[in-house]
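One structure is given here, and the rest of the page talks about it.
The values are calculated or read from the model by the stated rules, or taken from the named source; none is laboratory data. Everything quoted here is computed from the prediction, not taken from an experiment. As a convention, Cβ positions derive from the backbone with ideal geometry for all residues, glycine included, and neighbour counts pool all protein chains shown. To get the accessible areas, we keep the full protein, side chains included, count just its heavy atoms, and leave off ligands, DNA and RNA. Shrake-Rupley method; radii C 1.70, N 1.55, O 1.52, S 1.80 Å.
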Amino acid sequence: MFKKIKAFLFSVKKKKVKADYNLNAEIYAQFEVFRLPLVLIQCFILAGTLGYLALQDYSLMQAFFQTTYTFTATGFGALNEHEFNTISIFFTSIIMFCGTGVVTFSVAILINVINKGVLAGLIREKRMIYKIARLKNHYVICYHNEYTIELSKQFRSAQIPFVVVDNAPNFEEEAIKHKYPYYITGDPHTNLAMLKTHLSSARGVVTFSEILPVNVALIVSVRLFEKELKRKPYYVIASAHSDEGLEKLKKLGADSVVSPTKLMAQRVSAMAIRPDMENILEKFIYKKDTLLDLEEVIVPKESWLVQRKLKEAHFREITKVFIIGIIQKDGRYIPMPDGEAIIASESKLLIIGTSEGVEKSKTFILQHQRPMEMDFITL
């Protein structure tokens, strides 16, 4: 029994997490200031040991011991110091003064390093990087502002993993204040920040800068990064405060571009027109404890549904969901499509139903061949 338990414990090996970037070089650089004190200590210990070997009838270990406790002023009288001649006493005094000076110098350097806080910050950042390295299919949110704060609340509520990155000097304090689980201080568009946020395993990027050129630079950097990795495209969401900016970001490769001013205007307009009607999007999308989900599913080119009529899919009978809209590849929207609507390649189906039904519908749509369940419906 004992052997079985031992074998089981040794068979379970912890998987080592490898971060895309580590801060070892930066941390080691903080210790370079200790190089001179360490060299001085070694030189004085060596000189003292050789001096006592020449001046006293000491063995090598006795000379080393005499030098170390004299240099550090931690003791005296363990050996035959009472037999020292004038030269030995003078030599011992020099070792004491040098030891006091070097130790004081070393302590001053240590206090200076601690007061700067750079080393402590690097150690905290290293721990954060290794925590982020465990994330998969997360979102990297670039730039901290009021939009980021609200989005982080929604992501935490929906249990969507995310990392926030910003280059503000006080960003760490803001991240702790707003309870960001993962955060990195740095310029989001740089390769260094992308490595620290473990972008290689991320699902997408959200950029909330109020400056259009900054969003442009970030989108370009992300697209270049994904090409270097030769991975599937990231889902990039950007914000724009003008129609011109919105179009530019879309052309540069943003999958979705939102205008905060337009969204607010549309929401207020809907409330003004129908003040007695609860917002259906907030009811079904933003609250995780509802019975129904509303999701957008892309029909791939290889799907068996391509160029078929909507009624041939039998979504209501098989997956118990409803198709409330179809967005064609060219952007044309078909609200409440009837059974005669043709499902085109790379179109988007707006599906409403239970979580289980929506997930089943995704699997149903992604199949290359006509599902077997269809045979029972048509009979």
>> Restricting to the stretch 314-343, name every residue that is assigned to a loop (DSSP other than H, G, I, E, B) and open to solvent by 40 Å² or more (accessible area, probe 1.4 Å).
In response: 314, 320, 329, 330, 331, 332, 336, 338, 340
> Any idea how many residues of the stretch 233-249 are more than 19 Å from the chain's Cα centre (by Cα) and either within 19 Å of residue 162 (Cβ to Cβ) or exposed (fewer than 13 other Cβ atoms within 10 Å of the Cβ) (or both)?
Replying inline: 5
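Is it fair to say residue 94 is modelled with pLDDT of 85 or more, open to solvent by 20 Å² or more (accessible area, probe 1.4 Å) and among the β-branched types (Val, Ile, Thr)?
Taking the combined requirement at face value, the residue satisfies it.
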> Would you call residue 29 in a helix (DSSP H, G or I), among the aliphatic types (A, V, I, L, M) and modelled with pLDDT of 85 or more?
Replying inline: no
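Listed residues 9, 46, 36, 53; which is over 30 Å from residue 122 (Cα atoms), loosely packed, with under 14 Cβ neighbours inside 10 Å and modelled with pLDDT of 80 or more?
Values: 9 fails: modelled with pLDDT of 80 or more; 36 fails: over 30 Å from residue 122 (Cα atoms); 53 fails: loosely packed, with under 14 Cβ neighbours inside 10 Å.
So the residue among 9, 46, 36, 53 that is over 30 Å from residue 122 (Cα atoms), loosely packed, with under 14 Cβ neighbours inside 10 Å and modelled with pLDDT of 80 or more is 46.
Have a look at 146, 150, 81 and point out the one that is of a type in the set (Asp, Glu) and surrounded by 14 or more Cβ atoms within 10 Å (Cβ to Cβ).
Values: 146 fails: surrounded by 14 or more Cβ atoms within 10 Å (Cβ to Cβ); 150 fails: surrounded by 14 or more Cβ atoms within 10 Å (Cβ to Cβ).
Result: 81 is the single residue among 146, 150, 81 that is of a type in the set (Asp, Glu) and surrounded by 14 or more Cβ atoms within 10 Å (Cβ to Cβ).
Restricting attention to helices (runs of 4 or more DSSP H) lying wholly within the stretch 105-198, give those where 3 or more residues are more than 27 Å from residue 231 (Cα to Cα). It would help to see each step written out before you state the result.
Values: elements: 118-132, 146-157, 171-177, 191-196.
In the stretch 105-198, 118-132, 146-157, 171-177 are the helices (runs of 4 or more DSSP H) which contain 3 or more residues that are more than 27 Å from residue 231 (Cα to Cα).
Got at least one residue in the stretch 174-182 being touching a residue at least 40 places away in the same chain (Cβ under 8 Å), under 15 Å from residue 20 (Cβ atoms) and surrounded by 14 or more Cβ atoms within 10 Å (Cβ to Cβ)?
As a first pass, look at the stretch 174-182 and keep what is touching a residue at least 40 places away in the same chain (Cβ under 8 Å): 182.
Restricting the remaining residues to those that are under 15 Å from residue 20 (Cβ atoms) gives 182.
Filter again for surrounded by 14 or more Cβ atoms within 10 Å (Cβ to Cβ), leaving 182.
Among the residues of the stretch 174-182, at least one is touching a residue at least 40 places away in the same chain (Cβ under 8 Å), under 15 Å from residue 20 (Cβ atoms) and surrounded by 14 or more Cβ atoms within 10 Å (Cβ to Cβ), which makes the answer yes.
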>> If residue 167 satisfies all but one of (1) in contact with a helix residue (DSSP H, G or I) (Cβ under 9 Å, 6 or more places away or on another chain); (2) of a type outside the set (Lys, Arg); (3) crowded, with 17+ Cβ neighbours inside 10 Å, what's the number of the condition it fails?
In response: (3)
> Out of the residues in the stretch 195-232 that are open to solvent by less than 30 Å² (accessible area, probe 1.4 Å) and out of contact with any strand residue (DSSP E or B) (no Cβ under 8 Å at 6 or more places or on another chain), which is farthest from residue 132 (Cα to Cα)?
Replying inline: 221
>> Step by step: first the residues of the stretch 105-139, then only those that are in contact with a helix residue (DSSP H, G or I) (Cβ under 6 Å, 6 or more places away or on another chain) and open to solvent by less than 40 Å² (accessible area, probe 1.4 Å), then the one that is modelled with the lowest pLDDT. Which residue is that?
In response: 113
